[in-house]
1. Please give the contour-minus-distance gain from Asn125 to Ile2: 0.36 nm per residue of separation, less the Cα-Cα distance, rounded to one decimal in nm.
2. How much of the accessible area of the chain, probe 1.4 Å, is carbon plus sulfur, in whole percent?
3. In Å and on Cα atoms, what radius of gyration and Dmax does region 1-129 show?
4. Among all the aspartates and glutamates, which ones have a C-alpha under 12 Å from Lys20's C-alpha, if same-chain residues fewer than 8 places away are not counted?
5. First obtain the Kirkwood hydrodynamic radius of region 114-173 from its Cα pairs, then insert it into the Stokes-Einstein equation at 4 °C and 1.567 mPa s, and state the resulting D in µm² per second as a whole number.
6. Counting Lys and Arg as +1 and Asp and Glu as -1, each charge on the Cβ, what is the dipole of region 74-115 about the Cα centre in debye, to the nearest 20?
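The values are calculated or read from the model by the stated rules, or taken from the named source; none is laboratory data. Please read all numbers here as calculations on a predicted model, not as lab measurements. Positions of Cβ are backbone-derived with ideal geometry, glycine not excepted, and every protein chain shown enters the neighbour counts. Remember, those area values only see protein heavy atoms, side chains included, never the ligands or the DNA or RNA. Shrake-Rupley method; radii C 1.70, N 1.55, O 1.52, S 1.80 Å.
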Amino acid sequence: MIDKVFIIGMTGVGKSSVGKKIAMNVGIDFIDIDDYLNTNILNKNKSDKKFRQIEHDELKKWSIINKKLIISTGGGIIERLDNRNILKNFYCIYLEASITQLLSRLQSSNEFRPLIQTKRGNNINIKSLKKLYDNRMKYYSEISSITINTDNINQSQIVEKIKNELIKNEFIN
C-alpha cells in the first residue's frame, strides 16, 4: 500500500496546481516542497548547490513523516542520485509536457524561474530550458510509476487520471 505520492516533472508542467487539486479532491494533505525553499539562495550564489541541499533535506523530511501525503517537488529534484533513491521508494507521478507546451505555460506565468530567466519578468531562455529538459528526461522516466502527458488535456482530466490511478493502487478508496 502506498503512503506517499510524489508529483514530478519539469518546471511549468503544473505539478503544484494539479497536486493541490488532486489532494482536495481525494481528501489527503498536500505539500509543495517548493513552498519550503528559498529561491533567493539560488539567485545570490549563482549556483544551485546549496539550494539543492536544502531541497534534499526537505524531501527527506517529508518522505519519512508517518502520514499519507501528496507531495509536489521542484523540477530539478531528480538531478541528485540520493533524491532519486528516495523517490524510487514511493509512487511517483510524472507529469510530462513537450518543450513547446512548457514554453507556452512559462511565458504566460508571472512566476520567476531562476534557472531559465535572468530576472523576474524577463523572457524565458529557450536554450536553457531545452538543456534542462534534455538532461532531466531520463531521470523522470527512471523513477516514475506512471507518466501522464499533459499536452492535450485539461487539469480536470489530469486530476481524474491521477485519481483513477490512486484508486487502482489502493492509495484511496
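1. Numbers: separation 123, 0.36 × 123 = 44.28 nm, distance 3.80 nm.
Fully extending the segment from Asn125 to Ile2 adds 40.5 nm.
2. On the way: 4190 of 9140 Å².
Exposed carbon and sulfur together represent 46 percent of the surface.
3. When restricted to the Cα atoms of region 1-129, Rg and Dmax are 14.7, 44 Å.
4. The reachable aspartates and glutamates, counting only those whose Cα sits under 12 Å from Lys20, are Asp29, Asp32.
5. On the way: Rh = 14.3 Å.
Value of D from the Cα-based Kirkwood radius: 91 µm²/s.
6. 40 debye
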